[in-house]
Amino acid sequence: MGDLPMTNVLITGAAGFIGFALADALSRRADTNVFVVDNFIRGECDAAYKELCSRDSVVAFDLDLTDRNAVRELPESIDLILHMAALNGTQNFYERPYDVVRCSTLPTFHLLDRYGSSSGLKRFVYAGSSEAYAGTVSTFDWPVPTAEDVPLCITDPSNLRWSYGGSKLHGEVLVTAACHQYEKDHTIIRYHNVYGPRMGDKHVVPDFLERMKNGVYSLYGHSDTRSFIYIDDAVRATLMLADCAGAANQTVNLGSENEVQIVDIGKMLLELAGIDAEIELHDSPKGSVARRSPDTTKLKKLTGFTEEIALSDGLRRTMDYYIR
């Protein structure tokens, strides 16, 4: 694969957005065995996932990783773990906060218990999130674009939005502590607004597209800024980091440096669809950070990664998937 020879790869949350795309890419590599696991609480057992699981290089497990006993059913000999499993989706943070915390913490414990003492594990890659540092940016006016050395903080535990960001913050501490104690290499990847086809719902791009289909042009968090990275680029960067010896025991931002207002995303989608309409603007939910954009200097230095998919092209591909 790269600096590190990885034959047996375990991907959690493999029916979800990033997990599926990683499994799809790895299953096409020669001499790589891909073990995928999901319980479909968020991911979808659709035709694409079933086709993935039918490939000769893929072995699928329908397991709930919040169940310690279920995790024991996974194969013993694993070189690389790509731990993508979590309950994401902004609406879920508010409507299912306990489920979000439970599904975003227990699997990490159980996987580290299962594989921490394994002599074969070479790298544990944890899917972190920019939500973990959102409170620092909004409360302490931390610089944007934001580098990996930003302090992490929870500004308001009573705000249900922190069900996800707090879980991801906790996950970073947990992975670092466990891998130090077990003497295993890890890489924490802080994803920043990955988008694309098959990303599900409860995210700004697919939700706006779904409303567009019904002639409703309402947009939430219109004045906020984000940096969107297309799924193909995110997968390529993830695998570069997983392969990179220099990324061992590092936290690395993964995202785009192209910071745009949410309202501009809505305008671009309408233009791509050939629709001339006014957007109904709504504020973002309480606790949503006004600006978010990663400093990707570290990612580029470690891997030489550069984006290949322009925002307009990625949005068109995403729109083609959701509006057919």
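What does the charge dipole of region 76-153 about its Cα centre add up to, to the nearest 20 debye, if the Cβ of each Lys and Arg holds +1 and the Cβ of each Asp and Glu holds -1?
Details: 5 positive and 9 negative charges, 45 e Å.
That gives region 76-153 a dipole magnitude of about 220 debye.
Where Rh is the Kirkwood radius over the Cα pairs of region 1-90, the temperature 10 °C and the viscosity 1.306 mPa s, what D in µm²/s does Stokes-Einstein return?
Taking Rh from Cα pairs, D becomes 121 µm²/s.
If only Cα atoms are counted, what is the Rg of the chain, and what is its Dmax, in Å?
Values for the chain (Cα only, Rg and Dmax): 18.9, 60 Å.
In whole Å, how far is the Cα centre of region 41-93 from that of region 103-161?
20
With everything on Cα atoms, drop me the angle between helix 97-115 and the longest principal axis of the chain, reported from 0 to 90° to the nearest 10.
That helix lies at roughly 30 degrees to the long axis.
Which percent, to the nearest 5, of DSSP beta bridges fully inside the chain are antiparallel?
Given both bridge residues lie in the chain, the antiparallel proportion sits at roughly 10 percent.
So how much slack lies between Tyr182 and Phe40, counting 0.36 nm per residue of separation and subtracting their Cα-Cα distance, in nm?
Length gained, Tyr182 through Phe40: 48.1 nm.
Nearest 10 degrees, 0 to 90: what angle lies between the long axis of helix 204-213 and the longest principal axis of the chain (Cα atoms)?
Between the helix axis and the principal axis of the chain, the angle is about 50 degrees.
Does anyone have the angle between helix 231-243 and the longest principal axis of the chain? Alpha-carbon axes, 0 to 90°, nearest 10?
It is inclined by approximately 30 degrees.
State, to one decimal in nm, how far the label point of Ala248 lies from the label point of Cys153, with both points 7 Å from Cα in the Cβ direction.
Result: 3.5 nm between the two label points.
Mind putting together the pair-distance distribution for region 177-301? All Cα pairs, 5 Å bins, whole percent per bin, short to long.
2, 10, 17, 19, 16, 12, 10, 7, 4, 2, 1, 0
For region 151-198, divide the Cα radius of gyration by the Kirkwood radius and give the resulting Rg/Rh value with two decimals. Numbers along the way, then the final one.
Details: Rg = 13.7 Å, Rh = 12.8 Å.
A ratio of 1.07.
List residues of region 54-68, by number, whose backbone nitrogen lies under 18 Å from a label position 7 Å along Cα→C-beta of Tyr98.
66-67
Find how much the distance from Ser54 to Arg28 grows on full extension, using 0.36 nm per residue of separation minus their present alpha carbon separation; answer in nm with one decimal.
Result: 8.1 nm gained on full extension.
Name all residues of region 218-239 having a backbone nitrogen under 16 Å from the label point set 7 Å from the Cα of His282 along its Cα→Cβ direction, giving them as ranges.
The answer is 218-224, whose backbone nitrogens lie closer than 16 Å to the label point.
Normalising by the residue count of region 132-203, find the relative contact order in percent from Cα pairs under 8 Å and 6+ residues apart.
25
How large is the direction-averaged shadow of the alpha-carbon convex hull of region 69-195, in nm²?
8.5
Work out, step by step, the length gained on full extension between Lys267 and Ser117: first 0.36 nm times the residue separation, then minus their alpha carbon distance; give nm to one decimal.
Fully extending the segment from Lys267 to Ser117 adds 48.9 nm.
Taking the Cα of Leu174, stepping 7 Å toward and past its beta carbon, and measuring to each backbone N in region 75-91: which are under 20 Å?
75, 80-90
For region 56-103, just the Cα set please: Rg and Dmax, both in angstrom.
Considering region 56-103 through its Cα atoms, Rg and Dmax are 13.7, 40 Å.
Go ahead and set up a Gaussian network model of the chain, Cα springs under 10 Å, then flag whichever of Thr225, Thr296, Thr306 fluctuates most.
Evaluated over the chain, the most mobile residue of the options is Thr306.
Work out from phi, with θ = phi - 60° and the Karplus expression 6.51 cos²θ - 1.76 cosθ + 1.60, the ³J(HN,Hα) of each residue of region 47-62, listed in order in whole Hz, and give x for Gly and Pro.
Karplus values, whole Hz, x for Gly and Pro: 4, 5, 5, 5, 5, 4, 5, 7, 6, 4, 8, 10, 10, 9, 10, 9.
Which value results for Rg/Rh of region 285-324 when Rg is the Cα radius of gyration and Rh the Kirkwood radius based on the inverse mean 1/r?
Computed over Cα atoms, the ratio is 1.14.
All of the numbers you see were taken from the coordinates with simple rules; none came from a lab. It should be emphasised that the depicted structure is a prediction, and the values quoted were computed from it without experimental measurement. Neighbour counts are summed over all protein chains in view; Cβ atoms, including those assigned to glycine, are modelled from backbone coordinates with ideal geometry.
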